[in-house]
1. Scan (1) surrounded by 12 or more Cβ atoms within 10 Å (Cβ to Cβ); (2) in contact (Cβ under 8 Å) with a residue 12 or more places away in the chain; (3) not assigned by TED's automatic domain parsing to the domain that holds residue 14 for the single condition residue 260 breaks and write down its number.
2. Anything in the range 18-35 that is surrounded by fewer than 21 Cβ atoms within 10 Å (Cβ to Cβ) and over 10 Å from residue 7 (Cα atoms)? List them, or say none.
3. Residue by residue through the range 140-165, note down the ones that are basic (Lys, Arg), in contact (Cβ under 8 Å) with a residue 24 or more places away in the chain and more than 20 Å from residue 63 (Cβ to Cβ).
4. Report, by residue number, each residue of the range 158-178 that is of a type in the set (Val, Ile, Thr) and closer than 14 Å to residue 128 by Cβ.
5. What residue, among those in the range 99-137 that are touching a Phe, Trp or Tyr at 6+ places or on another chain (Cβ under 7 Å) and farther than 19 Å from residue 60 by Cβ, is surrounded by the most Cβ atoms within 10 Å (Cβ to Cβ)?
6. Give the residue, chosen from 246, 250, that is in a helix (DSSP H, G or I), over 27 Å from residue 10 (Cα atoms) and without any contact (Cβ under 8 Å) to a residue 40 or more places away in the chain.
Amino acid sequence: MEFECLQFEVADQVATITLNRPERYNALNPILRQNILDAVQLCERQEDIRTVIITGAGKAFCSGGDMKEMMEAAEKGETNPLSNKLSPIRDEIILAIRGSTKPYIAAVNGAAAGGGMGIALACDIRVASTAAWFGQTFSKRGMHPDWGGTYFLPRLIGTAKACELIWSGRMIDAEEALQLGLVSQVLEPEELISGVGDMALTFASGPPIAIRLSKRAIYRNLEAGLREALEFETYAQNICVETEDVREGVTAFLEKREPKFKGQ
């Protein structure tokens, strides 16, 4: 599949989606939005892809919506069709990332603002460069957050801090993001892609069925009671113990070697 505004690569069962509008700081226009959705859906269909990395080309991860294109469209009298107002493509992207059966890692190489921050928040793990900045900048434009900001941020950093960042529109650097628990690691810019790549390879070499079920359990159980959580764990464990991967994992342990999981 060819993409106009992003680069798509697969190596060692890891897909890397690179937002590629560096001259616009990877701002989200209609073409890039559609490219992201198509790439995420492609990753889900491809069984040989086990982990996905999202990053940005150039100095930014993603600067949010392309304000210049929005203003030009408004001046021409162009409006969004009703279908896009009811079910915008941004929502499809967020649901596709969060609903994916595969781990998603955001390698945040620069500014992640507005919708760009939303994409990073939708990923399962965020790793930041020391050059990264994060901001729910919607209030600076008189806008309401979208791209899942009001859902993800309170769950990650707590309600009060989420309110502060959303209402102020303040940008925070990578170190503050680490302190808040927004990112898992902070790496030097030249180490970001290799460091995230090593993490992705670890996940890609793991048992796909167990990882798929545990991802579902983690997000499902955020909204569940303890008994429901335990019941889902039992359900998932009963599936896993019948797989060849469990037999391989136990055999590898006894033989003191690394397991080779096939997702069967």
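The values are calculated or read from the model by the stated rules, or taken from the named source; none is laboratory data. The structure presented is a predicted model; accordingly, all values stated were derived computationally and were not measured. FYI the Cβ positions are ideal-geometry reconstructions off the backbone, even for glycines, and counts take in every protein chain you see.
1. (1)
2. Within the range 18-35, 22, 23, 24, 29, 30, 31, 33, 34 qualify.
3. To start, the set of residues in the range 140-165 that are basic (Lys, Arg) comprises 140-141, 155, 161.
Going one step further and asking which of them are in contact (Cβ under 8 Å) with a residue 24 or more places away in the chain, we end up with 140-141, 155.
Listed by number, the list holds a single entry, 155.
4. Passing the criteria: only 172.
5. For the range 99-137, the residue satisfying everything is 103.
6. Details: 246 fails: over 27 Å from residue 10 (Cα atoms).
Exactly one residue qualifies, and that residue is 250.
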